Amino acid sequence: MKILVTGSSGHLGEAMVRSLRESGHEVLGLDIKESAFTGVVGSVDDRDSVSACMKGVQVVYHTATLHKPHVATHSMQDFVDTNVSGTLTLLQAAKAAGVKAFIFTSTTSVFGDALRPPAGTPAAWVTEDVRPVPKNIYGVTKTAAEDLCLLFHRKHHLNCIILRTSRFFPEEDDDKLKRDKYSGDNAKANEFLFRRVELEDVVGAHIAAGERASKLGFGRYIISATTPFQPEDLLDLNTNAPAVVLRCYPEYSEVYERLGWSMFEKIDRVYVNDAARADLGWRPKYDFAYILDQLKTGNSPKSRISEQVGSKGYHDQVFKDGPYPV
């Protein structure tokens, strides 16, 4: 099968190309940056380039995007051009080429300000039923691109699956306060409880979506590690998260103490992946229990594909405040 992967020089894009090629597929990568995984150097907003890439393609994995850390370095128009116009260009070309499945990589950032419960109230239980309230141009443009996918499904019967991925990047957190308080590995381990997913599982979700698209037609799914929490935990999570984690994993405190780590004091949202597991047949491997098991034995909790891809960063320059210009 011939497959097009946009953003093929990026973190997820490279992982997709690697995995699909290992499975024997013919994969064409499209990106504005050259790499060993990019066959065509060009923009997703370039109609001629996109149309040429789409010939003979049966499945499109659209991972190319401007990300949240680009908000401080790129204009709003840049975000519209890449995230909205680029998605429209790809959808039009996919429709014209008779593509069987269009898989769009979205983000849990679309929920935005819907995930800010006041202090002393329950944490947000985030399913696909939560209405997005984008808080920046990144969230706005990803939400608009999602709506374009829905439009092309409704009007043109293009099978479109939207995957709202939680954090899977290996880079340092863009929140300086969090970087100052927690090591990168500590913060990422904590996030597997409620807002992180391992790259291998993200790839698996995309492949599952491509395989189920013709049956489902359309769908929006949260792609995040399976949480141990339940709705009855939400009030305690947003007031005393370590106590809740200790109830779920009594051994975690010993592991963390040995490493000099600490748990977040509060957890204000929990991403729920029930729908993705049910509809896509997706079986994520990496969760907080898995991370703890690896930490106990001194093994790396990272997947093989994550180690292969490594860290790419978001910017080509170093800023006064480190990796982010904020």
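The values are calculated or read from the model by the stated rules, or taken from the named source; none is laboratory data. Bear in mind the structure is a predicted one, so any value in this text is a computation, not a measurement. With ideal geometry, Cβ positions are generated from the backbone for all residues, glycine too; neighbour counts draw on all protein chains shown.
Observations on the model:
- Considering (1) surrounded by fewer than 18 Cβ atoms within 10 Å (Cβ to Cβ); (2) within 24 Å of His67 (Cβ to Cβ); (3) modelled with pLDDT of 95 or more, the lone condition that Phe319 does not fulfil carries the number (3).
- Test result for Val270, under 20 Å from Val197 (Cβ atoms), of a type outside the set (Ser, Thr, Tyr), touching a residue at least 40 places away in the same chain (Cβ under 8 Å) and out of contact with any strand residue (DSSP E or B) (no Cβ under 9 Å at 6 or more places or on another chain): no
Rundown of residues vs (1) assigned to a loop (DSSP other than H, G, I, E, B); (2) of a type in the set (S, T, N, Q); (3) crowded, with 20+ Cβ neighbours inside 10 Å; (4) more than 19 Å from the chain's Cα centre (by Cα), yes/no style:
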site: Glu257; (1), (2), (3), (4): no, no, no, yes
site: Lys266; (1), (2), (3), (4): yes, no, no, yes
site: Asp279; (1), (2), (3), (4): no, no, no, no
site: Arg283; (1), (2), (3), (4): yes, no, no, no
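- Options Lys142, Lys100, Lys68: the member that is in contact with a Pro (Cβ under 8 Å, 6 or more places away or on another chain), at negative phi and in contact (Cβ under 8 Å) with a residue 24 or more places away in the chain: Lys142
- Checked against the criterion of being surrounded by fewer than 19 Cβ atoms within 10 Å (Cβ to Cβ) and either closer than 20 Å to Lys142 by Cβ or under 14 Å from the mean Cα position of the chain (by Cα) (or both), region 175-185 has at least one qualifying residue.
Table: residues versus (1) at pLDDT 95 or above; (2) touching a Lys or Arg at 6+ places or on another chain (Cβ under 8 Å); (3) among the aromatic types (Phe, Trp, Tyr); (4) closer than 16 Å to Leu151 by Cα.
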{"site": "Ser75", "(1), (2), (3), (4)": "no, no, no, no"}
{"site": "Val80", "(1), (2), (3), (4)": "yes, no, no, no"}
{"site": "Ala93", "(1), (2), (3), (4)": "yes, yes, no, yes"}
{"site": "Val99", "(1), (2), (3), (4)": "yes, no, no, yes"}
{"site": "Phe102", "(1), (2), (3), (4)": "yes, no, yes, yes"}
{"site": "Arg116", "(1), (2), (3), (4)": "no, no, no, no"}
{"site": "Thr121", "(1), (2), (3), (4)": "yes, no, no, no"}
{"site": "Val130", "(1), (2), (3), (4)": "yes, no, no, no"}
